Amino acid sequence: MRGLLFWAIPLVGLGVVPLVTSSYAVVFLLLLFVNLTLAESYGIVGGYLGYVNLGHASSFGLGAYAAGILVRGGLPFPVALGGAVVVPVLFWGAISYPFLRLRGAYFSVATFGLLTLLELLANNLSRLTGGSEGLSFPPGYRLVPAYYLTLGLAAASVGLSLSVARSRLGLALRSIREDEEAASAFGVRLFACKVRALLLSAAPAGAAGAVFAWYQAYITPGAVFGLEIALMPIAMAMLGGSGPVGPVVGALFLTVLEEVLWTRLAYFHLTVFGLFLALVGLAMPGGLTGLRWSRRILARLPGLGVAAGRGVVGG
Amino acid sequence: MLSTAAQLLVGGVLQGSIYALGAFGLSLIFGVLHVLNIAHGDFLMLGGLVASLAFARAGLPPFLTLFLVGPGFLLVGIVFHRLLIRPIADRPRQEFLIASILITLGASLAVEDITAFSVGGSVRGMAYTLPPIRVGTVMVSSLRLVNLGVVLLLTLLLGVVLRRTYAGRALRALMQSRDGARLCGIDVGRLSALAFGLGVALAATGGVLYVTLFPITPFIGIPLTLKYLCLIVMGGVGNLPGTLASGCILGVTEALVGFYLGAEWSLTVAFFLLVVILLWRPTGLFARGVA
């Protein structure tokens, strides 16, 4: 209970932001929440299960296009939002069988390829998707409702990640990450657990795609399936470290870094960004939350339950 | 009709064998070091860039540049390994995979950004031609023939090195079992550096050949890496003939699909092939038992 109250304070604080600040801050936070939702949902497969799903953004793109197509078909946005959750979940359900035959780096490769395929399909199936010219929504100014929706999604995905971490499923996923054969020998049903993790991580990403598309009112294949949306959330989750808190830290850090680089540096922001990623890979094996001093801070925060030990934070 | 098909076949085999060269480099790196090198395609791009600049500025023909690019990038690869991969080599498997993705992804972004800044982001090709040869009704570009010859020669050379020399045998041993190889007294650190250097050199050499036939931009790296990775999954890690055959299959299918369905579809081919093969033979098309 104390934990819930503690976390309600920043949530309420974020809730009043659109009432008191400029739209710049609101847009900045909205994008942060979208990235955070993606990073958190990626973490369920990438962090707990340890399968580096480089194609996680395909859920985002599928959600965006599903919502766009449904709204253009005359359905109200809430229905389209539902569709944007269902489509990626069905999609991952359908492809889970061939893809889960792969492990380690092979899985990463195949899912990365999947993303490229979807981008090409979105470009080529122009009757359905508008092709490279993109798909536009009915125009409208939706910044504030989209802000609250993404805030809700980000909070929900943190909650989802936390509850997975504490559940039997989370335990099973982490045991698979450490050693698949051993987990299987102890009676963990590998395929069932992995599919569940994939589906749980697809749903919030799809919803985030729909809200993002609705807010932008215009999407192109490159914007929703492109490299940036594919790699940023993963970099955030990896930077932050495994667990529900890691992606939050990573998302905050990278979004601010990117913003500073774009506004301060005329050239080479990608270079600096890339070098920074490489540096994190070289110097911080457990991500930012894996560092000793950040563990100590996290241990003091209420409401994360076992977060203090290796349980949730360290993986 | 027949000659069109023959043209497509020749073009496809050629492009595929160039893919295979780079893909085998990546497979060497992956097999020996277990690094998923996302920056691999960028080394092809850099090799191509060097060749195209050498030709434009100094008039150096690409088949001479090969002799510079090969050893040069071997060194680049060894330095890359020493600075960026060696420091993380002793981490546990899962941490290592994540760290290697972050590092090579970061390197790839930096390389593409710096390249685009220093030479411009535009498309770059090479106006280098050799007189064509006519065989029956089929026109064969002799540039392509020479290219094919060079690829085959390099593959053969590589095969001999891997089978006959101590270093080559040690590399194959490392791909089979790292611990076993270490127990036999193989210097894992040095051979890892060699594998990385060799892999990078193969990609860059492929790039020199690539740029004589197709245009390049600083941003082709990651899509190319993806194709390479598909080929590795298809051909099997460290399987040279398998990779070459997969490369040809990919190249020919791309050429056929591009011609009959339209160029916009040819890129989807690699991936469809990959999924079909995963469903059909999850250990790869040419895998020999070991998964």
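Annotations for the structure displayed:
- Max mean-square fluctuation residue, GNM over chain A, Cα-Cα springs under 10 Å, options A:Ala105, A:Ala230, A:Ala251: A:Ala105
- In chain A, Rg over Rh equals 0.96, where Rg is the alpha-carbon radius of gyration and Rh the Kirkwood radius from pairwise Cα distances.
- The fewest-to-most ranking of A:Lys194, B:Lys227 by surrounding Cβ atoms within 10 Å reads A:Lys194, B:Lys227.
- Neighbouring Cβ atoms from other chains, within 10 Å of the Cβ of residues in A:101-112, number 6 on average.
- For the protein assembly as shown, adding -39500 (n - 2.57) for each run of n ≥ 4 DSSP H residues and dividing by the number of residues yields -24500 deg cm²/dmol at 222 nm.
- For residues of B:266-273, the mean tally of beta carbons on other chains within 10 Å: 4
- Neighbour counts of C-beta atoms inside 10 Å place B:Leu273, A:Leu121 in the sequence A:Leu121, B:Leu273, starting with the fewest.
- Spherically averaged projected area in nm², based on the convex hull that wraps the Cα atoms of chain B: 15.8
- Each of A:Leu239, A:Trp214, A:Phe276 was scored by the projection of its Cα onto the charge dipole of region A:140-276, and the greatest displacement toward the positive side belongs to A:Trp214; charges sit on the C-beta of Lys, Arg, Asp and Glu.
- Taking max minus min of the alpha-carbon positions on each principal axis, region B:1-136 gives extents of 59, 36, 26 Å, largest first.
- Kirkwood-based shape ratio for region A:1-88, expressed as Rg/Rh from alpha carbons: 1.06
- Percent of Cα pairs exceeding the 37 Å cut-off, where the set is the protein assembly as shown: 35
- Relative contact order for chain B, counting Cα pairs under 8 Å that sit 6 or more residues apart, in percent: 39
- For region A:161-298, the fraction of C-alpha pairs farther apart than 20 angstrom is 60 percent.
- With θ taken as phi - 60° and the Karplus curve 6.51 cos²θ - 1.76 cosθ + 1.60 applied, the whole-hertz 3J(HN,Hα) list for region A:133-149 is 6, x, 10, 10, 8, x, x, x, 9, 10, 4, 5, x, 5, 4, 5, 4 Hz, x standing for glycine and proline.
- Each residue in B:Thr268, B:Thr225 was given a count of other beta-carbon atoms within 10 angstrom of its own, and listing them fewest first yields B:Thr268, B:Thr225.
- Cα-based shape type of region A:1-157, given that a ≥ b ≥ c are square roots of the gyration tensor eigenvalues and the cut on a/c is 1.5: oblate
- Shape of region A:97-227, Cα gyration tensor, a/c cut at 1.5: oblate
- Shape class for region B:99-172: oblate, because the ratio a/c of the largest to smallest gyration tensor axis (alpha-carbon atoms, square roots of eigenvalues) is 1.5 or more and b/c is at least a/b.
- For B:Leu261, no residue 5 or more places off, or on another chain, has a built amide H under 5 Å of its own.
- Karplus 3J(HN,Hα) series, Hz, for region B:36-50 with 6.51 cos²θ - 1.76 cosθ + 1.60 (x for Gly, Pro): 8, 7, 5, 7, 4, x, 5, 6, 4, 4, 5, x, x, 5, 4
The numbers here are math on the coordinates, done by the rules we state, and not lab data. Keep in mind that what you see is a predicted model, and the values were worked out from it rather than measured. Every residue, glycine as well, gets a Cβ built from its backbone with ideal geometry; the counts of neighbours run over all protein chains shown.
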